[in-house]
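Accompanying notes for the structure given below.
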Amino acid sequence: MRIAYDDMVKEFVRVLNKYGIEGEDAVVSAKLFADASRDGVHTHGLQRFPKFIASIKNGSVDVTKRAVPVEKIGMIERWDGQRGPGNLNAYICMNRAIELAKANGVGVVALRNTNHWMRPGNYGLMAIDNDCIGILWTNTVPNMPAWGGKEAKLGNNPIVFAVPYKDKPVMVDVAMSMFSYGKLEKYKREGVSCPVDGGIDKEGNITRDPSKILETHQVLPIGYWKGSGLSLVLDLIASSLSGGTYSRGVGKLPAETSLSQLFIVFDLSAMPDRKHIEEEIGLTLADIDSSTPVKEGSSVHYPGEGMMKTRQESMSIGVFADDSLWKTVQEL
């Protein structure tokens, strides 16, 4: 079904109000969820919303708390999320990183003790909207084996790279696993296989069956050993700079909370050759789009290009919504 964007936001606000998030905070949080679905990232929009409410009910999220600054170390600001709503904490810290970048050329905010930030790309888009380059990532509960191992020792630690370019920005928003757990749940619900190998089943075989991967929690890291190594260093950097909990420690908690995140922003508008930069970015993207596709009749696009097309469609005819999930939200 299709839901008007404004109606989706209003419904999210209604539910958030009932669970203690009110005023402008409820509107911001609701829009962050709706924006994810609007842009086609359904796993972290409507699909994730009931889980967010569940995390409020089980006490993982304290709706009365927000991120606050605690230390300044050179150009790095440390903030404490106080286990408040993850998307609001990330929104606050990304805004602060942008402010610092506008004042100094670069802004770095390290956040500890926070919760799941939902769609990471939302905060990359905030940088883009301010003509900035954004690099940001989070650690997670251990949900991925180190390469060659069986037990989940690493988080899939999503990372975002965002680069502004006119009305068609470039954005890479990826987890260190081949598929996020939200995507695996989506495939399972739809009864389809992963398009490529995604994990290991209980017999130790590589599989594309999302149900078998969800059963073992043995997702494949991107690039195999390369993704495993990247996951490790992302955890070490974010946790060390924020003074927060490492993935290993998150795994010892009753629920996924007390996460560590890092927000780095560069003010592209401050560059003296800004016009030349934009021209070069445009030529590079055009060169990518001119690629000869491997499959006849298909096309090649840069990351983020399809997002804008999906957004335009969502705002024109409504945001795509799974019927059962929409009903679940309406019943909350």
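Annotations for the structure displayed:
- The amide H of Leu46, built 1.01 Å from its N in the peptide plane, has Ser37 as neighbours under 5 Å, considering only residues 5 or more places off or on other chains.
- Rg in Å to one decimal, and Dmax rounded to a whole Å, for region 147-264 via C-alpha atoms: 15.5, 49
- Take the Cα of Asp273, go 7 Å toward its beta carbon, and none of the backbone nitrogen atoms of region 134-176 fall under 12 Å from that spot.
- Cα-based shape type of region 82-139, given that a ≥ b ≥ c are square roots of the gyration tensor eigenvalues and the cut on a/c is 1.5: prolate
- Residue pairs, from the table Lys51/Lys150; Lys18/Lys168; Lys57/Lys150; Lys168/Lys327; Lys18/Lys188; Lys18/Lys153, whose Cα atoms sit over 29 Å apart: Lys18/Lys168; Lys57/Lys150; Lys168/Lys327; Lys18/Lys188; Lys18/Lys153
- Relative contact order for region 142-186, counting Cα pairs under 8 Å that sit 6 or more residues apart, in percent: 28 percent
- For region 275-332, a Kirkwood radius taken over Cα pairs fed into Stokes-Einstein (20 °C, viscosity 1.002 mPa s) yields D = 146 µm²/s.
- Each 10 Å bin from 0 upward holds the following percent of the Cα-Cα pairs of region 1-157: 10, 36, 35, 16, 2, 0.
- Looking at region 8-44, the GluC sites (Glu not before Pro) that sit in a DSSP loop and have at most 15 other Cβ atoms within 10 Å of their own Cβ are Glu22.
- Accessible surface computed residue by residue for the chain, with neighbouring protein chains in place and a 1.4 Å probe, gives 47 Å² per residue.
- Length-normalised contact order for the chain - Cα pairs under 8 Å, 6+ apart - percent: 22 percent
- Rg over Rh [alpha-carbon atoms, Kirkwood Rh] for region 28-97: 1.04
- Note: the chain, Cα convex hull, 146 Å³ per residue.
- Where the Cα pairs of region 220-278 fall when distances are cut into 5 Å bins, in %: 4, 16, 16, 14, 15, 10, 11, 8, 4, 2, 0
- Per atom type, the chain shows carbon and sulfur on 55% of its accessible surface, probed at 1.4 Å.
- Ellipsoid fit via the Cα gyration tensor, region 167-222: semi-axes of 23, 13, 8 Å, each the root of five times an eigenvalue, largest first.
- Seen from Ser242, the other residues with C-beta closer than 12 Å to its C-beta sum to a net charge of -2, counting Lys and Arg as +1 and Asp and Glu as -1.
- When the trypsin sites (Lys or Arg not before Pro) in region 197-284 are filtered for DSSP coil states and for at most 15 other beta-carbon atoms within 10 Å of their beta-carbon, the remaining sites are Lys202, Lys252.
- Two tests apply to each whole DSSP H helix in the chain, Cα reach of 24 Å or more along its axis and mean Kyte-Doolittle hydropathy of at least -0.5, and the ones passing both are 86-104, 225-242.
- In the distance distribution for region 182-332, Cα-Cα pairs more than 25 Å apart total 61 percent.
The values are calculated or read from the model by the stated rules, or taken from the named source; none is laboratory data. In this text the structure is predicted, and so the values were computed from the model without any measurement. Cβ sites come from the backbone with ideal geometry, for glycine too, and all protein chains shown count toward neighbours. We work out accessible area using only protein heavy atoms, side chains counted, and drop any ligands, DNA or RNA first. Shrake-Rupley method; radii C 1.70, N 1.55, O 1.52, S 1.80 Å.
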